[in-house]
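See structure below.
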Amino acid sequence: MDWDHPQPFTLPRVPHADDIDGLNHTNNAVYVRWCEQAGWAHSEALGLTLDDYRRLDRAMAIRRGEYDYLLPTFAGEALVLGTWLVAGDGKLAMERRFQLVRESDGATVLRGRWDLVCIELSSGRPRRMPQAFLDAYMAAVVPVTAPRR
């Protein structure tokens, strides 16, 4: 697949009948849900779970999300969702990107990006990333090598 960045964390996805909207294609909200699932799965693969977030009283919260819906998808189509951490200041902020690719022709159907901020769960206020976040997340940051098309 022609990924925007090297070594994506990937999840296979297939739209089901209840993912299809009145325009007969995958509803945009489904893509947002899939991105959330991919973000959590990637975090868990890096060794940080929701239980760790609670124990550390810290979380990476979405400050801003952007999605470019490029092509429609339909029930039963095999898709692959890739995600990367592409930036981080090592203090409060990180950036995560997404790319959804249709397996049959390799077409990119969606690109997305999140600006993330580390918060203290108990107060909701921005706080520095704990060492566990730095160790897991900052080590996974990939350089941005391809422009967003």
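A few remarks follow.
- Hits in region 15-54 (condition: open to solvent by 40 Å² or more (accessible area, probe 1.4 Å), farther than 26 Å from SER123 by Cβ and assigned to a helix (DSSP H, G or I)): ALA17, ASP18, ASN28, ALA29, VAL32, ARG33, GLN37, ALA45
- Every listed requirement among (1) assigned to a helix (DSSP H, G or I); (2) out of contact with any helix residue (DSSP H, G or I) (no Cβ under 9 Å at 6 or more places or on another chain) is met by PRO6 save one, (1).
- Any hit, region 96-107, residues being modelled with pLDDT of 95 or more, within 25 Å of MET138 (Cβ to Cβ) and not basic (Lys, Arg): yes
- The set of residues in region 56-83 being aromatic (Phe, Trp, Tyr) and open to solvent by 60 Å² or more (accessible area, probe 1.4 Å) consists of TYR69, PHE74.
- Any pair with Cβ under 8 angstrom, 6 or more apart, that starts in region 72-90 at a residue that is of a type in the set (Ser, Thr, Tyr) and ends at one that is part of a strand (DSSP E or B) and open to solvent by 40 Å² or more (accessible area, probe 1.4 Å): THR83/PHE9; THR83/THR10
The values are calculated or read from the model by the stated rules, or taken from the named source; none is laboratory data. Since the model is a prediction, treat every value here as computed from it, not as a measurement. Glycine also receives a Cβ, built like all others from the backbone with ideal geometry; neighbour counts cover every protein chain displayed. All accessible areas refer to the heavy atoms of the entire protein, side chains included, with ligands and DNA or RNA removed. Shrake-Rupley method; radii C 1.70, N 1.55, O 1.52, S 1.80 Å.
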